[in-house]
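These notes concern the structure reproduced below.
The values are calculated or read from the model by the stated rules, or taken from the named source; none is laboratory data. Since this is a predicted model, take the numbers as computed values, not measurements. As a convention, Cβ positions derive from the backbone with ideal geometry for all residues, glycine included, and neighbour counts pool all protein chains shown. Note: accessible area is taken over every heavy atom of the protein model, side chains too, but ligands, DNA and RNA are not part of it. Shrake-Rupley method; radii C 1.70, N 1.55, O 1.52, S 1.80 Å.
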4 protein chains.
Amino acid sequence: MRTFDESASGLYIISVTPFLDDGTLDLPGVDRLVDFYLSQNVSGIVVLSMMGEAQKLTPDETTQFVQRVCARVNGAVPVIVGLPGGGLVALKAVADIAVAAGASGVMVAPAPSLRSDRQIVEYFGSVADVLGDVPFVLQDFPLATGVQIPAEVMSRIIRSQPTLKAIKHEDWPGLNKITTLRDDDARQVSILVGNGSLYLPEELDRGANGAMTGFAFPDMIVEVCRLHAAGQREAAYDLFDVYLPLIRYEQQPGVGLSVRKYLMHKAGILASHRLRAPGRSLNAQEVAEVDWLVARQSRRIKR
Amino acid sequence: MRTFDESASGLYIISVTPFLDDGTLDLPGVDRLVDFYLSQNVSGIVVLSMMGEAQKLTPDETTQFVQRVCARVNGAVPVIVGLPGGGLVALKAVADIAVAAGASGVMVAPAPSLRSDRQIVEYFGSVADVLGDVPFVLQDFPLATGVQIPAEVMSRIIRSQPTLKAIKHEDWPGLNKITTLRDDDARQVSILVGNGSLYLPEELDRGANGAMTGFAFPDMIVEVCRLHAAGQREAAYDLFDVYLPLIRYEQQPGVGLSVRKYLMHKAGILASHRLRAPGRSLNAQEVAEVDWLVARQSRRIKR
Amino acid sequence: MRTFDESASGLYIISVTPFLDDGTLDLPGVDRLVDFYLSQNVSGIVVLSMMGEAQKLTPDETTQFVQRVCARVNGAVPVIVGLPGGGLVALKAVADIAVAAGASGVMVAPAPSLRSDRQIVEYFGSVADVLGDVPFVLQDFPLATGVQIPAEVMSRIIRSQPTLKAIKHEDWPGLNKITTLRDDDARQVSILVGNGSLYLPEELDRGANGAMTGFAFPDMIVEVCRLHAAGQREAAYDLFDVYLPLIRYEQQPGVGLSVRKYLMHKAGILASHRLRAPGRSLNAQEVAEVDWLVARQSRRIKR
Amino acid sequence: MRTFDESASGLYIISVTPFLDDGTLDLPGVDRLVDFYLSQNVSGIVVLSMMGEAQKLTPDETTQFVQRVCARVNGAVPVIVGLPGGGLVALKAVADIAVAAGASGVMVAPAPSLRSDRQIVEYFGSVADVLGDVPFVLQDFPLATGVQIPAEVMSRIIRSQPTLKAIKHEDWPGLNKITTLRDDDARQVSILVGNGSLYLPEELDRGANGAMTGFAFPDMIVEVCRLHAAGQREAAYDLFDVYLPLIRYEQQPGVGLSVRKYLMHKAGILASHRLRAPGRSLNAQEVAEVDWLVARQSRRIKR
């Protein structure tokens, strides 16, 4: 098991969950998927996220999938497991599975029922208590959870919970929040940005450590993070801009995962582009649009 | 196993899930709980609903709880099991557990991602396909799901899905929707009202068949339904009005379940009033308010 | 002009805006309406609230209506004028009209775009600056505005803005918020409760000073407040309970104002029950339901 | 007055509302602003939109601003005036001002209270009745209004309302909706896309006629539309991609208008970059980010 801590940087890839065309979980396909991610030099792998169709798995599938991923990763990079949001006992049950399988940490989003700043702070206190010494990522995604966490509240959580190691930052707009957190004299944790990496270069400028997202071309994000860390800011922006038309296309709500699975299937990484219902695959026009954007992207890369 | 079909009427009680003070599932307490509900002449028992803290159970607890309830009910009345909302495979897994345990039907709410009328109709078509011949209840609760189902869309679902047997009606406002459904020449299903029974008498006037709710005094709801069905409308309203101050108190968001557990614990039905986090128990002032309302209610009943 | 300050208590009636059957503003009818409210011993009159169809008036009608109300009230009680939410300049323009007409104060809700606690505090600072020495009411109605104001944030606003004289309290659930505000050592302002007075007795128990709502039988609310202030708590609850079935009926979203206008038209107070589009009048079944509830209410009052 | 009808294409620029540094409406500045837009070869000018800070103007300012814009445009292109959403009478009052000033059409969004498909259809029927023969644009922006209009409902409105001439399309995701509308045998109206033009090239591919947005470099959008209409699809995408990093930056909620005003002030088009409260100007880091993106954009244009 690899350590996951405040120094996390680079790309923590949000893994898809692979299904076969008949909708069954493609456990053998997990190995190929993990190998692909590792070949792209990701810093970590995140499973059972919202985008990972976690809530569509049965309990048995959840266990099998986590175990298979951890076994194949075999300590090469940290594995982070997303936890369900319903209650602390159910959350702990999945955390136990994750730890037993060899995961390095877990990810927790605020419960949608939280309303006041104090409730938010208390909730993550309870979460940390239940998790014990398991490192955790706080997913800050108000558009999905309905819970706004102001920067000052985030600082209070960071100060009081030493097992909080990273924030998956996808507040929107969120640039000033990164700056506020970085300027704070609170203990600093890793800030890994989500939102499909749509604002990755600016977020790195503001002090983010890397990304936690699921783009179909992970090597680009890895390289943007590397260039930026190496002080080659202009080159980072140049590379990012080449992929921006596709990143933007993925931002359409409910479309991103279908695009990723389509492209990964086309590239031979996934056996099927299928999502479990109520997700859907791309239709013919969308396939043509994605193909067009990728063809343009490939030509620009060559130049 | 008792049949559950379009003739369902009276009270289908939304069961609480009993925990001990230390937060563990109180499996032995399930028997006392079931016996209490049956003693109140409920027409059915609904477990794993939103209010039932279903999402706070681990997979193992879910199975144990469903089995224990079904075993104790032992065919006396239909048991209905609420299904998780994430995806069809996960939903089917719980439905299989329910059927194996002897439940008579299941309950399904629309997935929060549904947006258009057509998507809603298609979703319940997929649900019905996956469930096969298992009778199901459609929970129509826009305030919680974010999905509006217009009456005409509901009629299309009713027409096309013969295994849909009942609607848990908690649209708000919803009186005219009941009338529209009753006036429709579509196949008629049972309409069982929720919303804590706040509009029960008017809803019965409009054509509802009964209630599906979790009030701490189930015998009142059973009796209001009986009086109304017997043509004693004024008596039904009179009885309802006595309990209305408490029903109203329960309507405060996030408070209702705590009130019910408090009262059922006080009455010796539950070993503990505890909710699993992030739920909370009543504070001292709320306890005093509930006690005050129940004392007033008791005095009015005596008169 | 009557003073409006922190001692406000009793009922500040949320006034309807009267239209004729053809939808024109019924300016002469304003006098009859004001006379009715004054005859019920209200402590104040609030115009241009959300419920008052303020946003359906043209700018000229807005001015004429405010002037007519103030002229007829003629200093008998304070008049409070609801301000539009778009921006400070537009808000100030209506405040100027109100003050020129003789109103005693204004009411302001948080702009829907506010997200963090700090933004909320700053917003009401800007509002107070713009209003100068005009006393104002803060409308705390998260269900309508989407803005949650935690009790601690409310205390900060109360401390820093001496021209804030009262809160229209309609957070939901909100009982504990009243207690927290009353226990705070901050400057105390008047708390007048909304939400159609559904929790009026408990809210008075918690320390509210009165109500700011628009029920069709204002004298009941005035009397409940009086009884409670006189220490006759049981009598206050008894009186409230008689009207509770109708209060509850009014709580159906989008129905309350139609019920009030129907009843006030039937009682000869309004020339028409009409709402301006997109509002609607009661249909035949709803009229029958309201008549039934009022008939039952009248019989209980007689007993 | 220029005719506005179903043939509308190219760019209908969403005009900013110019203020001076002290927050007063900059009426003389309107002339310079209009001249700038006309110099960019826009097809039309839209004032008093959501982005145009319409709700922050007093009634007098609203009238003065509309009159000044129309006078300066002087028939060169159609002027479209956004109408307030509160009610039909208030909406009509602004429409009258618009028509009297010489505007060619108006824009209407669905009232936020609309819930069912039928209510939506009826609402736009009432709107069309009130407007008489004034051509109108339907703004389809669910993220802002909370009202989802499925494609089939849009078709019903298009069929039944001949004075509906164009849709401001900013549903998200929305590509398939355009295709469905174009494949429908209903009367075809103009589809002008919003969402800051983030999906402009794909939307033109799907059959949109042009854009209705407020980007600070209108000539780019005009040229993308021209190239696409001329069959030069690749060139249209190439040009669009150059500006995409800035378009993306503008998409951050609550930031877009500040970016536009900053850039237009820097270019000498506006006397001030100021927004009226509760809007805000860019902070120093945001200014640096925008400058950086524009500098990169300028270099790419030269290449």
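Worth a mention:
- Residue within the range D:211-230 that is of a type in the set (S, T, N, Q), at pLDDT 95 or above and surrounded by 21 or more Cβ atoms within 10 Å (Cβ to Cβ) present: yes
- Within the range B:130-153, the set of residues being in a helix (DSSP H, G or I), more than 10 Å from every other protein chain (Cβ to nearest Cβ) and more than 19 Å from the chain's Cα centre (by Cα) comprises B:131 only.
- Which numbered condition residue B:241 misses (of (1) open to solvent by 50 Å² or more (accessible area, probe 1.4 Å); (2) free of Cβ contacts under 8 Å to residues at least 12 places away in the same chain; (3) assigned to a helix (DSSP H, G or I)): (1)
- Within the range B:172-195, the set of residues being within 14 Å of chain C (Cβ to nearest Cβ), assigned to a loop (DSSP other than H, G, I, E, B) and crowded, with 23+ Cβ neighbours inside 10 Å comprises just one member, B:174.
- Boolean, residue B:49 is out of contact with any helix residue (DSSP H, G or I) (no Cβ under 9 Å at 6 or more places or on another chain) and either at positive phi or buried (at least 16 other Cβ atoms within 10 Å of the Cβ) (or both): yes
- The range D:154-171 - residue that is part of a helix (DSSP H, G or I) and not basic (Lys, Arg) and, of those, nearest to the other protein chains (Cβ to nearest Cβ): D:154
- Complete set of residues in the range A:30-46 that are out of contact with any Lys or Arg (no Cβ under 7 Å at 6 or more places or on another chain) and closer than 17 Å to residue A:274 by Cα: A:32, A:33
- When residues of the range D:88-115 are limited to those that are under 25 Å from residue D:150 (Cβ atoms) and open to solvent by less than 10 Å² (accessible area, probe 1.4 Å), the one modelled with the lowest pLDDT: D:111
- Every residue from the range B:64-105 that is within 24 Å of residue A:84 (Cβ to Cβ) and of a type in the set (Gly, Ala, Ser): B:82, B:85, B:86, B:87, B:90, B:93, B:95, B:98, B:100, B:101, B:103
- Scanning the range A:252-274 for residues that are within 8 Å of another protein chain (Cβ to nearest Cβ) and open to solvent by less than 30 Å² (accessible area, probe 1.4 Å) yields A:252, A:255.
- Unmet criterion (only one of (1) open to solvent by less than 10 Å² (accessible area, probe 1.4 Å); (2) under 26 Å from residue D:229 (Cα atoms)) for residue D:38: (1)
- Considering residues of the range B:127-145 that are within 29 Å of residue A:113 (Cα to Cα) and of a type outside the set (A, V, I, L, M) only, the residue most open to solvent (accessible area, probe 1.4 Å): B:141
- Across the range C:66-96, the number of residues qualifying as away from every other protein chain (no Cβ under 14 Å) and under 23 Å from residue C:10 (Cβ atoms) comes to 13.
- Considering residues of the range D:1-35 that are hydroxyl-bearing (Ser, Thr, Tyr) and closer than 18 Å to residue D:264 by Cβ only, the residue surrounded by the most Cβ atoms within 10 Å (Cβ to Cβ): D:12
- Residue within the range C:97-119 that is more than 9 Å from chain D (Cβ to nearest Cβ), over 19 Å from the mean Cα position of the chain (by Cα), outside any helix (DSSP H, G or I) and on the phi > 0 side of the Ramachandran plot present: no
- When residue C:120 is tested against (1) among the aliphatic types (A, V, I, L, M); (2) over 22 Å from residue C:143 (Cβ atoms); (3) modelled with pLDDT under 95, only condition (2) is not met.
- Looking only at residues of the range A:275-301 that are assigned to a helix (DSSP H, G or I), of a type outside the set (Lys, Arg) and surrounded by fewer than 16 Cβ atoms within 10 Å (Cβ to Cβ), we find that the one that is modelled with the lowest pLDDT is A:301.
- Once the range C:22-48 is narrowed to residues that are free of Cβ contacts under 8 Å to residues at least 60 places away in the same chain and part of a loop (DSSP other than H, G, I, E, B), the residue that is nearest to residue C:211 (Cα to Cα) is C:48.
- Among (1) open to solvent by 10 Å² or more (accessible area, probe 1.4 Å); (2) in contact with a His (Cβ under 8 Å, 6 or more places away or on another chain), the one test that residue C:236 misses: (1)
- Only one entry in A:118, A:68 is open to solvent by 50 Å² or more (accessible area, probe 1.4 Å) and within 21 Å of residue A:40 (Cβ to Cβ), namely A:68.
- Residues located in the range C:49-59, provided they are part of a loop (DSSP other than H, G, I, E, B) and within 12 Å of chain D (Cβ to nearest Cβ): C:50, C:52, C:53, C:57, C:58
- Residue D:62 vs. criteria part of a helix (DSSP H, G or I) and surrounded by 24 or more Cβ atoms within 10 Å (Cβ to Cβ): yes
- For the range C:196-238, filtering for residues that are of a type in the set (S, T, N, Q), touching a residue at least 12 places away in the same chain (Cβ under 8 Å) and more than 12 Å from chain B (Cβ to nearest Cβ) leaves 2.
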